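Notes for the one structure printed next.
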Amino acid sequence: MFFPVKIKAYVKERFGLPARKFLKLFLSNSVGLLFRIVNNLFLAKTLTVFVYHDVSDNPSECSRTYNLNVPLEVFNYQINFIRKNFNVISPADLLESRIPSKAALITFDDGFQSYFKNALPILEKHNVPSIIFLNMGHIRGTVFWPGLIIYLCEKRKDFREYVKNAIPVKDNKMKPLFLYCSRNLVDSYIERTGESFEGNVAEFVGEIATEEDLIGAAENPMVFYGNHLLNHDIPALMSDEELLKSYLQNADFLKRYLNYRDMFSFPFGQPGTCYNEPQVRLILESGAKKVFSSTGRINRNISSLCLDRIALTSFNESPAKIWFQVFRKSFRKRLGILSKEFNG
Ligand SMILES: [Zn+2]
């Protein structure tokens, strides 16, 4: 950039810096300050809940394919970033409504063993509490249901055809195929093939936590357990009775651990396609103190019984990429509301 000689001399004399360097420093400080002001403005009186699944340097095929994994170094970076830019609360704080400005909560779903082996040491290093929403079915040895249906959809052409044929004609087929996999449908397919897929699914999914892992962390004051249904079925494909039974049976197993808190995250996390409003009411009426979805938005109503969560992935490994992920869906929603108002 060209600077007149007079300005160059003035900047050098006044600030002791070459003009070009001064401008660069001024701009980066201004942008940094502006960014801080904008963040403080948008995040004041909000609760940002993050959701993770797998933290591993050697993720399974399933975690890789569905972007469920964050490598250890990136996870360490993200947790440090969250700790510096938010006020991290514990699940106990949430239940007792101790929610400061710019609050954040760290959550995990599904019960991968990597939570206990890899994530927990990093969380402890940063003094960050977390809650992991567990399905006691596969912790206790039954096949990991989402792993099974995803495995079959990915690997078996005949299964894909079988599911497609079972989709009602009126359905617009906008959902991923595995979200049509009810228990009846999958069980009758497996019966027909006469094959057992358990070994393949275990390899496809990777290590799941054991009851020993749960016992080992149950008295850790930084660790809390929550409910994610007994077997991670798709709630939208369940009757009220089936949903309630799965929720209560899972709660019965989880109550054996002192760090269990009656909070619930919906398997698959997407309202509409994976679960519906009456099911949220049913879970809340059955004892859950908070219910979590995963559509990626910041919570502006911090005392709401239903809270949304944002997934951070291996892609979010710089401040800009984390902020982008944090604000992406919330801004989109805001713009959506604006355009609706202008239209109407
Ligand atoms: Zn899940």
Along the charge dipole of the range 64-111, pointing to its positive end and built from +1/-1 on Cβ of Lys, Arg, Asp and Glu, which listed residue (Pro71, Ala92, Ala103) has its Cα farthest out? Ala103
Kindly rank 279-286, 118-125 from highest to lowest mean number of other beta carbons found within 10 Å of each residue. 118-125, 279-286
Would you kindly give the portion of the calculated P(r) for the range 1-147 that falls above 28 Å, as a percent of all Cα pairs? 44
Is the C-alpha gyration tensor of the range 69-193 telling us rounded, prolate or oblate? Criteria: a/c under 1.5 is rounded; beyond that, a/b larger than b/c is prolate, otherwise oblate. prolate
Taking θ as phi - 60°, what are the ³J(HN,Hα) couplings along the range 137-153 by the Karplus curve (6.51, -1.76, 1.60), each to the nearest whole Hz, with x for Gly and Pro? x, 7, 4, 8, x, 6, 4, 6, 4, x, x, 5, 5, 5, 4, 5, 5
Which of the lysines could be linked to Lys245 by a straight reach, that is with a Cα gap under 22 Å, when you skip same-chain ones fewer than 8 residues away? Lys255, Lys289, Lys290
Let me know the Rg and Dmax you get for the chain when you use only its Cα atoms, in Å. 23.6, 86
Helix 5-15 sits off the longest principal axis of the Cα atoms of the chain, rounded to the nearest 10 on a 0 to 90 degree scale, by 70
Only helices counted: for the chain, with every DSSP H run of 4 or more residues adding -39500 (n - 2.57) and the sum spread over all residues, [θ] at 222 nm is -14500 deg cm²/dmol
Sequence order, the range 312-326: Karplus ³J(HN,Hα) from phi using 6.51 cos²θ - 1.76 cosθ + 1.60, θ = phi - 60°, Hz rounded, Gly and Pro as x, gives 9, 10, 5, 5, 8, 10, 8, x, 4, 6, 6, 4, 4, 5, 5
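Where in the range 8-98 are there GluC sites (Glu not before Pro) that are in a DSSP coil and have at most 11 other Cβ atoms within 10 angstrom of their Cβ?
Working: sites: Glu13, Glu61, Glu73, Glu96; in loops: Glu96.
Sites meeting the loop and neighbour criteria: Glu96.
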Just Asp54, Asp187, Asp93 to compare: in a GNM of the chain, with alpha carbon springs under 10 Å, which one fluctuates most? Asp187
For the range 1-96, run through the chymotrypsin sites (Phe, Trp or Tyr not before Pro) and keep only the ones in DSSP coil with at most 12 other Cβ atoms within 10 Å of their Cβ. Phe2
To test your reading of the geometry: what angle, between 0 and 90 degrees and rounded to tens, separates the Cα axis of helix 19-43 from the longest principal axis of the chain? 40
Could you give the radius of gyration (one decimal) and Dmax (whole number) of the Cα atoms in the range 145-202, in Å? 11.2, 36
Helix 72-85 sits off the longest principal axis of the Cα atoms of the chain, rounded to the nearest 10 on a 0 to 90 degree scale, by 60
Collect residues whose amide H, placed 1.01 Å from N in the peptide plane, falls under 5 Å from the amide H of Tyr260; neighbours closer than 5 in sequence don't count. Tyr225
Could you tell me which trypsin sites (Lys or Arg not before Pro) in the range 46-122 are loop residues by DSSP with no more than 12 other beta carbons within 10 angstrom of their beta carbon? Arg98
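Quick note: the coordinates plus some simple rules give every number you see, no bench work behind them. Nothing here was measured: the structure is a model prediction, and the numbers come from that model. Neighbour counts are summed over all protein chains in view; Cβ atoms, including those assigned to glycine, are modelled from backbone coordinates with ideal geometry.
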